[in-house]
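Notes for the one structure printed next.
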Amino acid sequence: MRTFEELQAGLGSALALNKPGSTTEHVLVVLPSFSLGESLLAHYADRIPALEHRYLVVLSVLARIESCEMVFVLSQHPGTEVLDYYLSLVPEEHRDSVRRRFRVVAVPDTSHRSVAQKLLDHRVQVAEVRRIIGDRPAYIEPWNVTEHEVAVAVALQAPVNGAHPDALPLAHKSAGRRLFREAGVPLPYGHEDVCTVDDVVRAARDVHRRRPSATAVVVKHDDSGAGDGNVVIDLRGHLRADVESLPEWYLRDLLSGGVVEERVEGVAFSSPSAQVDVRPDGTVVVLATHEQELGGAEGQVYMGCRFPADATYAGELGRHAQAVGEALAGRGAVGRLSVDFAVARDAGGGHSVHALEINLRKGGTTHPYAVLRNHVPGRYDVEAGRWVAAADGSARAYRATDNLVNPGWVGLPPATVLRAVGDRGLHLDHGRGTGVVLHMLSCLAVDGRFGLTAIGRDADHAAELFDGARAAVEAAV
């Protein structure tokens, strides 16, 4: 049995096989395992299997890479109806081949744990994946990498396209702020390594002193994601009392570390991000920029995105993300990551960009980007902030969400949603490279939620398709 370090030495050669035109048979193990803290896992609870199902959209890559066999490890089988839908998105001439080369391995475990943890407890499923791999080259595509994904890699004897868990603290909020400074990337004024109520109060008062125009600060847990560890504290209120009144679990988790920084404000505000890939040889590629759509009580929770980011500053985002990616590559990071930003506009029409945090993992913009890349192959022009289709150089834009939710949709059969969108002629059109791709359909049974990615010729067309799909489902109920 090779060690994890020995397996990782072969990651570059395994990744090199997974490209269009490759003739060497290989296996891609998709492991959308949300290895998060207990608080976050408890928050998502019954939605975890549906979040794993978001990544079924990558099935379509098999039509482009005919030497690849894909094994999808999940907590819950998505059902033949959903799999047939994703197969229908593949050009007809490739469907039989794709069907033969796509395998689902479902782990029979309903606990609120990551699928990596579950898999390790089920030797039958581990043996099944190893049998499928056989003696062919293989690698694992994770959501993030912790000690559980490392153990899966060793059990399957396949490298992981992600950073060693030792690198994860590089993406914690305090470490991220220090890295931004080192890379010359602008960031909001604030303090790292806060742990207690006194720390938060002291840091907030300093922000108010240094930034008199700031009306609020954002407190963030060092190890958190999707905005779930963020709270906004108004500097104009009763500061200490407001901090002390935060939930007990929040203050307990803060003991592990966090940051306090000024809330970026302006006459207009946006929350873009940049998606980056760090290759095993240290090459850094900026894949895309997005405008994130935030929600929740304090506007801190990721709800969806629009691609590409505003052209006014997309190039600037790309340059900053490149600098951050190179700094992380120098510390041994590898795989997918993203950098979140805040952009504020002033009354004169100018703007300022501030880096907020690093996500050393996949995220909410990953699966929409996969839909575009696999159905409209091309490249992202970083300076222009534009997708360039390989076929004809035309542009594309999309709008995506995981959070179309309606209590009246609870228990709605996926077939109803699929039919409603199809009857309006909104499903993805292979020839045009535009249309709607649905995901998370299994979440309809949980809380009446599903997601979609709407690809259009431009932002307005994408919004039109997005709104049309939502209206079609609303009309069908």
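None of the figures in this text is laboratory data; all of them are computed from the coordinates on show. Please read these numbers as outputs of a predicted model, since none were measured by experiment. Reconstructed Cβ throughout: ideal geometry from the backbone, glycine too, with neighbour counts over all protein chains shown.
Miscellaneous remarks
- Treating r as the C-beta distance of A384 and A9 and R0 as 41 Å, the FRET efficiency rounds to 0.65.
- The distance separating the Cα centre of the range 406-477 from that of the range 228-279 comes to 33 Å.
- The equivalent ellipsoid that matches the C-alpha gyration tensor of the range 200-267 spans semi-axes of 20, 14, 10 angstrom, in descending order.
- Taken along the Cα-to-beta-carbon direction at a fixed 7 Å, the label points for D423 and E265 span 4.8 nm.
- Within the range 282-399: Cβ-based charge dipole about Cα centre, in debye rounded to nearest 20 (Lys, Arg +1; Asp, Glu -1): 440 debye
- Label-point gap, in nm, between S88 and D392 - each point 7 angstrom along Cα→Cβ: 2.5 nm
- Taking only the Cα atoms of the range 70-221, the ratio Rg/Rh comes out at 1.16, with Rh defined as the Kirkwood radius.
- Here the calculated FRET efficiency for H238 and T416, from their Cβ-Cβ distance with R0 = 56 Å, stands at 0.70, rounded to the nearest 0.05.
- The stretch between R100 and A476 holds 132.0 nm of extra length on full extension. This uses 0.36 nm per residue minus the Cα-Cα distance.
- Inter-probe distance in nm under a simple model that places probes 7 Å from Cα toward Cβ, at H430 and V154: 4.5 nm
- Extension gain, E66 back to A16 (0.36 nm per residue minus Cα-Cα distance, nm): 16.6 nm
- Computed with the Debye formula from one identical point scatterer per Cα of the range 164-225, without solvent, the log10 of I(q)/I(0) at q = 0.12, 0.14 Å⁻¹ comes to -0.34, -0.45.
- Once the Cβ-Cβ distance of D346 and V285 is raised to the sixth power relative to R0 = 41 Å, the FRET efficiency obtained is 0.80.
- Residue separation of E464 and R252 scaled by 0.36 nm, minus their Cα-Cα distance, works out to 71.9 nm of gained length.
- Span-rule helices in the chain, defined as complete DSSP H runs reaching 24 Å or more along the axis (Cα) with Kyte mean at least -0.5: 459-476
- Packing-based order for 343-351, 282-290, 455-463, using average beta carbon neighbours within 10 Å, highest first: 282-290, 455-463, 343-351
- Radius of gyration, Dmax [the range 1-104; alpha carbons; angstrom]: 15.8, 46
- Stokes-Einstein translational diffusion, the range 387-434 - Kirkwood Rh over all Cα pairs, 0.890 mPa s, 25 °C, in µm²/s: 182 µm²/s
- Contact order relative to length of the chain, as percent, for alpha carbon pairs under 8 angstrom and 6 or more apart: 14 percent
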